[in-house]
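Accompanying notes for the structure given below.
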Amino acid sequence: MSHHIVEVGELQHQYADGTCAVTSISFRITHGEAVAIIGANGAGKSTLLLHLNGALAATAGTIRIGDTLLTPATVPQIRRTVGMVFQNPDDQLFMSTVAEDVAFGPLNMGLSGAELEARVVAALTQVDALYLRHKAPYHLSGGEKKRVAIATVLAMSPDILVMDEPTGGLDPYARRQVMELLSGFQHTRIVASHDLDMVLELFPRTIILCQGKVAADGPTTTIFRDRELLARCRLEQPLAMQGCPVCREGAKQ
Amino acid sequence: MRSVEGALLDFRQLERLAERDSPLHHVDARAKILATLVFIICVISLGRYQLAALFPFFIFPVVLIAGGGLPVRYLVSKILLVIPFVLVVGIFNPLLDREIVAIAGPVQISGGWISFFSIVLRSLLTVASALILVSLTGFPALCRGLAQLGLPKVFVAQLLFLYRYLFVLAEEAARLKLARDQRCFGGKGTGLASFGTMIGHLLLRSWERAERVYRSMLSRGFAGEFHCPSGSSFGVGDTLFLLGWGLLLLAIRLYDPARLLGLLLTGGVQ
Ligand SMILES: Nc1ncnc2c1ncn2[C@@H]1O[C@H](COP(=O)(O)OP(=O)(O)O)[C@@H](O)[C@H]1O
Ligand SMILES: [Mg+2]
């Protein structure tokens, strides 16, 4: 199943104002892998992710999804393969009801009638949000918005899921819900996040970005043990690895 | 000026009206568009002195508001918003056109006043019918109807974008205003100076947000065309709705029931 491979080669992106957000990034992600992209604010995570389905065009470098090189001609095909959940669900939900929003992608793929309806229901059921189908997206809570945003992408049945900060701004319960969803997926997953505890729990492989470059790429547990590396990239160990402060106090006494 | 949040809420309320469930809401958008179009043409094509002939046309908005269970007070408040504009257009008529055309007891009525009221009424009627159309159909469905009627897809996409980005703009404005209000304690901030930068900010932020929304549309396979969810078919009910209103409105336009009634009452002598 070579078509679920993501290969980024010497990727570089310069914004119109001259900011070089990403410089010579290379990695290869194979079928079914779950990879976390972590890094400080402004490290270039979102910029990198936006390239993976051609939402941003690279200044230099190549992106290969399976056997297909990303070019203007292959972008439509690649967008079916790579599903992208954006950082802010308000940017992703733009129709007047949840059901219409979820149907937007499949409609563009040419689905209609019962098949379309089935897709919408299946995607909403998968994220446990079918009860929201007739609601307006802007009336949902943060957690609900996030789940619906994920459903809009699932409805297109992509092979590769790309998500930008899926647990950002969620309460503990909503965060758990999204994490359970994520762990249930069989897709190749690429997720940018500041939620290092989630990364530790769900993503065996981690790539650290620092000022637009790859600072480390390897097994999550190895990377999180390297405190010096994390500090250099303005990161910290996940709380789960820091030891419980209450117990530590107790041990001293 | 009314608050940005208020205006936004109002707009959303209009959208929510379209989610109600009445037989009129289920009539095909095309039937409603065409009936409204016939209505508007009939009303607009009346002569400037045909004031009485306008009154029978109230049947269209009244029946639709009642049948659709629309909130009268809300709609009237929206419709009255156009009054200032209409006044500006029509206010010179009574001054310019002083020829007396009717005498009601001691009061002499000039042609200018008649045409002035005719302008006001015609404006209210057309605005009311347009608002009712949106409240009974919803803007997205309306655009779809227009597309099905043969309006070029590019225009329809433009309309939908306009609608979508109107929300984007209003939401950004609401956020910006909140941020300002929190830090100027009921005063006017630094007045015009900060207002200028705020407007600039607003445009830039809306622009970037619009770009992100567009990106997310592209990511979901958008290729410049909004698709209709179901091949909604034009049923018997829709045909009846269109035919019924079309014939009734044309009859009112051609035979002017107000004048007929007048003739009847005065025994046919003019
Ligand atoms: N539209 C833009 N125009 C100019 N610079 C941008 C734009 N978007 C992001 N940047 C800059 O690019 C860098 C990387 O941003 P981003 O990819 O959003 O980081 P992250 O998602 O890791 O927080 C930052 O320095 C940011 O200021
Ligand atoms: Mg980001």
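Here, each number is a calculation from the coordinates, and none is a lab measurement. Quick caveat, the model's predicted, so the values are computed rather than measured. Quick reminder, even Gly has a Cβ in these numbers, built from the backbone with ideal geometry, and neighbours come from all protein chains shown.
Show me A:35-48, B:233-246 ranked by packing, highest mean number of other Cβ atoms within 10 Å first.
Packing proxy ranking, top to bottom: A:35-48, B:233-246.
Taken one residue at a time, the phi angles of the range B:31-36 give Karplus couplings (6.51, -1.76, 1.60, θ = phi - 60°) of 4, 5, 4, 5, 4, 5 Hz. Gly and Pro are set to x.
Evaluated at q = 0.07, 0.10, 0.12 Å⁻¹, a Debye calculation over the C-alpha positions of chain B (equal weights, vacuum) places log10 I(q)/I(0) at -0.37, -0.71, -0.94. Measuring r between the beta carbons of B:Leu204 and B:Ala52 and using R0 = 60 Å, the FRET efficiency lands at 0.65. Scalar couplings 3J(HN,Hα) for the range B:233-238, obtained by applying the Karplus form with A = 6.51, B = -1.76, C = 1.60 to θ = phi - 60°, are 9, 7, x, 4, x, 5 Hz; x denotes Gly and Pro.
In this structure, the amide hydrogen of A:Thr188, modeled 1.01 Å from its nitrogen in the peptide plane, lies closer than 5 angstrom to those of A:Gly32, A:Leu161, counting only residues at least 5 positions away or on a different chain.
To the nearest 0.05, how large is the calculated FRET efficiency for B:Val88 and A:Lys135 if R₀ is 45 Å and r is the Cβ-Cβ distance? Before the final figure, lay out each step's value.
On the way: r = 41 Å, r/R0 = 0.92.
E between B:Val88 and A:Lys135, to the nearest 0.05, is 0.65.
Relative to its Kirkwood radius, the Cα radius of gyration of chain A gives an Rg/Rh of 0.99.
Summing -39500 (n - 2.57) over the DSSP H runs of n ≥ 4 in chain A and dividing by its residue number, what mean residue ellipticity at 222 nm do you reach, to the nearest 500 deg cm²/dmol? Let's see the in-between values first.
On the way: 11 runs with 96 residues, N = 253.
Estimated from H runs of four or more residues: -10500 deg cm²/dmol.
Would you mind getting me the FRET efficiency between A:Leu69 and B:Leu240? Use the beta-carbon distance for r and R0 = 51 Å, nearest 0.05. Mind dumping the intermediate values first?
Numbers: r = 57 Å, r/R0 = 1.12.
E(calc), rounded to 0.05, equals 0.35.
As a proxy for reagent exposure, ranking B:Tyr49, B:Tyr214, A:Tyr131 by other Cβ atoms within 10 Å from fewest up yields A:Tyr131, B:Tyr49, B:Tyr214.
Taking the convex hull of the Cα atoms, report for the protein assembly as shown its projected area averaged over all directions, in nm².
The number I arrive at for the protein assembly as shown is 34.4 nm².
For A:Ala215, nonlocal amide neighbours, meaning residues 5 or more places apart or on other chains whose placed amide H falls under 5 Å from its own, are A:Ile208, A:Leu209, A:Cys210.
Helix-only arithmetic for chain B: the sum of -39500 (n - 2.57) across DSSP H runs with n ≥ 4, divided by the residue total, places the mean residue ellipticity at 222 nm at -23000 deg cm²/dmol.
A simple spin-label model places the labels of A:Phe185 and A:Ala16 3.0 nm from each other, with each point 7 Å out along Cα-to-Cβ.
Globularity index of the range B:152-222 is 1.40 (Cα radius of gyration / 2.2 N^0.38 Å, N = number of residues).
For chain A, the share of DSSP beta bridges that are antiparallel, to the nearest 5, is 55%.
Under unit Cβ charges (Lys, Arg +1; Asp, Glu -1), what dipole magnitude, rounded to 20 debye, does the range A:2-252 have relative to its Cα centre?
Rounded to the nearest 20 debye, it is 320 debye.
Of the residues A:Thr47, A:Thr152, A:Gln242, the one whose Cα sits farthest toward the positive end of the charge dipole of chain A, with +1 on the Cβ of Lys and Arg and -1 on the Cβ of Asp and Glu, is A:Gln242. Cross-link partners of A:Lys45 among aspartates and glutamates, defined as those whose alpha carbon lies under 12 angstrom from its own and excluding same-chain residues fewer than eight positions apart: A:Asp164, A:Glu165. Here the 3J(HN,Hα) profile of the range A:214-228, calculated from phi with Karplus coefficients 6.51, -1.76 and 1.60 at θ = phi - 60°, is 6, 8, 6, 8, x, x, 4, 5, 5, 5, 6, 7, 7, 4, 5 Hz, Gly and Pro shown as x. Distance between the pseudo-spin-label points of B:Ala66 and B:Leu264 (7 Å out from Cα toward the beta carbon): 1.8 nm. The simple spin-label model puts a point 7 Å past each Cα toward its Cβ; for B:Leu151 and A:Gln77 those points are separated by 3.7 nm.
For the range B:152-222, what is the charge dipole size about the Cα centre, in debye to the nearest 20, if Lys and Arg each add +1 at the Cβ and Asp and Glu each add -1 at the Cβ?
Working: 12 positive and 5 negative charges, 23 e Å.
Here the size comes out at about 120 debye.
Annotation: amide H of A:Val22 within the under-5 Å range of A:His13, sequence separation 5 or more or interchain, hydrogens built in the peptide plane. Within the protein assembly as shown, antiparallel bridges make up roughly 60 percent of the DSSP beta bridges whose residues both belong there.
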